[in-house]
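Okay, structure first, notes after.
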Amino acid sequence: MTDAIHPFARLEPARVVAAVESLGFWLPGEPFALNSYENRVYLVHDDERRRWVVKFYRPGRWTDAQIQEEHDFLAELEAAGVTVAAPWRDDAGASLHRHDDFRFALFPHLPGQAPELDNPEHLFALGETIGAVHVVGERRAFVHRRQLAPRAMAEEAAETVLASCWLTDHQRPAYERISRGLIEALGTRDWPARELRVQGDCHLGNMLGRDEHFALVDFDDCLMAPAVQDLWMLLTAEDEGERQMQLSEVIEGYEQHRDFDRGELALVEPLRALRLMRHSAWLVARWEDPAFPQAFPWLADAGYWDAHLRELEQQRVMLDGTARWLS
C-alpha cells in the first residue's frame, strides 16, 4: 500500500478543520499534529480561545459500539469527579462524529507534563488517580470492549511478526523459540478472575499534570482487566530500595480509594513480557501507514530485531524467577 491510498494520507489540515467546523465550531488557526500514531490527534483552538484535542479513529480498528463504550466510561468518570478529558457532545448527546468517512471525537485539552517515576509524591498521586478511576471502573462491565487475554494476545503478536519479512533466516527460529516459551509461560499463569474497566495503557505519555495532581488521558485501549494492568508501568526500578519506594507510594495512593490485591503483583513481569511482544507486532502491522516508516525507520534494521530478541530472552528469564514485585 502506498502513502497516497492510505486513509490517513487524506487527512490534511483543511479536512481536519472542516471536520471540527461541521460541529458548529469556528477555528481561526491551523491544527497542530500531536504525537500519536495509532490514531491521528490534533490540537486546535476555537474563536473563544478554547483548546481542543480532536482524535480521528483509525479506520477498521474499533467498532462504533467499542468507541462509544470508551466515551461513556469517560463521561461516567467525569460525573464521578475524576479528572479526565470526557468527549464533547452535541445537542443530541452524540460524542462520536463523522466527516468524509472518518470517525472522530473532540476532547477538551488538559494541560500538564508527564510525571517523574522517581518522585514519591508523583507516584502517590498517580496511584490515587488510578484508584479513583477503578472505583468507577468496577461498577459495571464493558460489553463490547476486549477482555485481557494474555496467551491469545501473545499468540496473535507472534503470528504477526512471523508472518512478516523483517526477521532474518537466523532470527526467525530464535524468535519462534523465545516467543513460544513466553506464550507457554503466560498460559500457565493464574490470572485474577476479578476484572474491571481499566484505562489499559498507563504509560507516561498518557498521564498529565502539575505538582501532585495528575489526570489519565487517551482511553483508546480501555478494556476489562485486573487492576494491576493500570499500575505495572509505574514500577520500573531495578534497585531494591527504589522498587520498594515505588510500590509503597503507588499502592498507598491507590488505596485512598479502593483496596489492592497484592497477589496481582505477580503479574507485573508477565504483563511486561506481553507488552514487549505486542509492541513489535504493532509496528509490523502498521508499517503500511506512511507515518510509521518515517517515525520508526530502525524497524528495518536487523540490529533492532537482535536487540528485541535479547530483550525477550531476558524477560523470559524474569518470568522463571521469583516475583520481585511481591512484598
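Table: residues versus (1) closer than 24 Å to PHE260 by Cβ; (2) at pLDDT below 95; (3) part of a loop (DSSP other than H, G, I, E, B).
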site	(1), (2), (3)
LEU126	yes, no, no
HIS134	yes, no, no
ALA157	no, no, no
ARG177	no, no, no
LEU182	no, no, no
LEU186	yes, yes, no
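Count, please, the residues in the range 189-199 that happen to be of a type outside the set (Lys, Arg) and buried (at least 21 other Cβ atoms within 10 Å of the Cβ). Let's see the steps before the verdict.
Start the filter on the range 189-199 by keeping residues that are of a type outside the set (Lys, Arg), which leaves 190-193, 195-196, 198-199.
From what is left, the residues that are buried (at least 21 other Cβ atoms within 10 Å of the Cβ) are 196, 198-199.
Number of matching residues: 3.
Go through the range 261-281 and count every residue that is out of contact with any Pro (no Cβ under 9 Å at 6 or more places or on another chain) and touching a residue at least 60 places away in the same chain (Cβ under 8 Å).
At the first step, the residues of the range 261-281 found to be out of contact with any Pro (no Cβ under 9 Å at 6 or more places or on another chain) are 262, 265-266, 268-269, 272, 275-281.
Pick out the ones that are also touching a residue at least 60 places away in the same chain (Cβ under 8 Å) and you get 262, 265-266, 277-278, 280-281.
Number of matching residues: 7.
Take the range 137-155 and flag every residue that is assigned to a helix (DSSP H, G or I) and of a type in the set (Gly, Ala, Ser). Explain how you work it out, then say what you get.
Kept after step one, since they are assigned to a helix (DSSP H, G or I), are these residues of the range 137-155: 137, 150-155.
Listed by number, the residues that qualify are GLY137, ALA152, ALA154.
Just to be sure, is ARG197 under 27 Å from ARG40 (Cα atoms) and touching a helix residue (DSSP H, G or I) at 6+ places or on another chain (Cβ under 7 Å)? Lay out the reasoning, then the answer.
Values: under 27 Å from ARG40 (Cα atoms): yes; touching a helix residue (DSSP H, G or I) at 6+ places or on another chain (Cβ under 7 Å): yes.
Against the criterion (under 27 Å from ARG40 (Cα atoms) and touching a helix residue (DSSP H, G or I) at 6+ places or on another chain (Cβ under 7 Å)), ARG197 qualifies.
The values are calculated or read from the model by the stated rules, or taken from the named source; none is laboratory data. Only a predicted model underlies this, so the values are computations on that prediction, with no experimental measurement involved. Backbone-built Cβ (ideal geometry, glycine too); neighbour counts: all protein chains shown.
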